[in-house]
1. Suppose we keep only residues that are part of a loop (DSSP other than H, G, I, E, B) and touching a residue at least 60 places away in the same chain (Cβ under 8 Å) within region B:6-57. Which one would you say is surrounded by the fewest Cβ atoms within 10 Å (Cβ to Cβ)?
2. Please go through region B:144-153 and give me each residue that is more than 19 Å from residue A:59 (Cβ to Cβ) and touching a residue at least 12 places away in the same chain (Cβ under 8 Å), ordered by number.
3. For residue B:144, work out the one condition from (1) facing chain A (nearest Cβ under 9 Å); (2) assigned to a helix (DSSP H, G or I); (3) farther than 30 Å from residue A:86 by Cβ it doesn't fulfil.
4. Pairs only if they're at least six apart or on different chains, beta carbon under 8 angstrom, first in region B:155-180 and within 7 Å of chain A (Cβ to nearest Cβ) and surrounded by fewer than 17 Cβ atoms within 10 Å (Cβ to Cβ), second outside any loop (DSSP other than H, G, I, E, B) and at pLDDT 95 or above; list them, first residue then second.
5. What pairs come up if the first residue lies in region B:129-140 and is more than 10 Å from chain A (Cβ to nearest Cβ), the second is surrounded by fewer than 21 Cβ atoms within 10 Å (Cβ to Cβ) and not in a helix (DSSP H, G or I), and their beta carbons are under 7 Å apart, counting only those six or more places apart or on different chains?
6. Return yes or no: is residue B:74 at negative phi, touching a residue at least 40 places away in the same chain (Cβ under 8 Å) and either crowded, with 23+ Cβ neighbours inside 10 Å or in contact with a helix residue (DSSP H, G or I) (Cβ under 6 Å, 6 or more places away or on another chain) (or both)?
7. Is it the case that some residue within region B:72-87 is part of a helix (DSSP H, G or I), out of contact with any strand residue (DSSP E or B) (no Cβ under 7 Å at 6 or more places or on another chain) and under 20 Å from residue B:136 (Cα atoms)?
8. Looking at (1) assigned to a helix (DSSP H, G or I); (2) more than 23 Å from residue B:141 (Cβ to Cβ), which is the only condition residue B:3 fails?
C-alpha cells in the first residue's frame with residue numbers, strides 16, 4: 001500500500017525496510033537472540049534497535065569493569081616486585 | 001565484519017603508547033584517577049583506529065579532550081594523530097518537537113483505519129528506539145540521517161569489540177601473573 005504521506009517526509013531521516021534488513025543481517029553475528037528467530041524480515045525494526053542499544057551498553061559496562069580491574073591490579077602490586085615488572089611490560 | 005587481528009594489534013600498540021603518556025595520572029594516584037586514565041587512553045586508542053573517517057570517532061576524541069585536554073593531545077601526538085583533534089563535526093541538529101508533534105496531530109486526525117494507526121504506532125516506536133541509539137553512540141545526537149546513524153553504529157560496535165577483546169586479554173594475563 002503506497003503511503004504518499006510518508007514519501008513526502010524527508011527520506012533521509014527514515015530507515016527503509018531494505019536498510020533495516022541489511023542492518024539485521026550484520027547485527028546477527030553480535031545478537032544471538034535475533035539469530036535464533038525466523039527470517040530477518042520478520043524481526044521488528046524496533047526490536048533490533050533495542051537489542052543493539054542493549055549490546056552497546058553491555059560493551060560499555062565491560063570496558064568499565066576491565067578498567068576497574070586493571071586499576072586495582074596496578075594498585076595491589078608493589079612497585080619493585082617482579083609482578084609489577086611483568087604488568088608494566090604487558091602494558092607499557 | 002569482526003575485529004581483525006590487525007585492528008587488535010593496532011589498538012594494543014596505541015593503547016600501550018597512551019598508557020605511557022598517561023603515567024602521571026597512573027603512578028601514585030588514586031584508584032579512581034588511574035581508572036579514568038586507563039579508560040581515556042583506551043578510548044583515544046580506539047577512536048584513532050578510524051583515522052577521523054567516522055563521526056563517532058571524531059566525537060569521541062572531542063569528548064576525551066574535554067576530560068583531559070593536555071594528556072589527550074600528548075597521546076595523539078605520540079601516536080602521530082594530532083590532526084584528529086578539532087576535526088569538524090556536523091552541526092548539532094535541534095529537533096523542534098512542538099512543531100513535529102503539531103503536524104503529527106493533524107496527520108493523525110485524518111487516519112481512521114486501525115491498521116494505519118498500528119503502523120503509525122510502530123513508526124513512533126522505531127523513532128524512539130533510534131533516539132535511544134543516538135544516546136549511546138558518540139556523536140549520535142549530531143547524526144540526523146538515520147542511515148548514517150546505523151552505519152556509524154555498526155562501525156562503533158566493531159571498534160568497541162576490539163577494545164574489549166584486547167583489554168580483556170591484558171587484564172586476564174596480568175591477573176594470572178599476579179596469582180602465580
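The values are calculated or read from the model by the stated rules, or taken from the named source; none is laboratory data. For clarity, every value in this text was computed on a predicted model and none was experimentally measured. So basically every Cβ, Gly included, is an ideal-geometry build from the backbone, and we count neighbours across all protein chains shown.
1. Checking each candidate, the answer is B:50.
2. Those that are more than 19 Å from residue A:59 (Cβ to Cβ) and touching a residue at least 12 places away in the same chain (Cβ under 8 Å): B:144, B:146, B:148.
3. The single condition residue B:144 does not satisfy is (2).
4. Correct list of pairs: B:168/A:62; B:168/A:66.
5. Note: pairs meeting the criteria are B:139/B:89.
6. Yes: the conditions hold for residue B:74.
7. Scanning region B:72-87 turns up no residue that is part of a helix (DSSP H, G or I), out of contact with any strand residue (DSSP E or B) (no Cβ under 7 Å at 6 or more places or on another chain) and under 20 Å from residue B:136 (Cα atoms).
8. Unmet for residue B:3, out of (1) assigned to a helix (DSSP H, G or I); (2) more than 23 Å from residue B:141 (Cβ to Cβ): (1).
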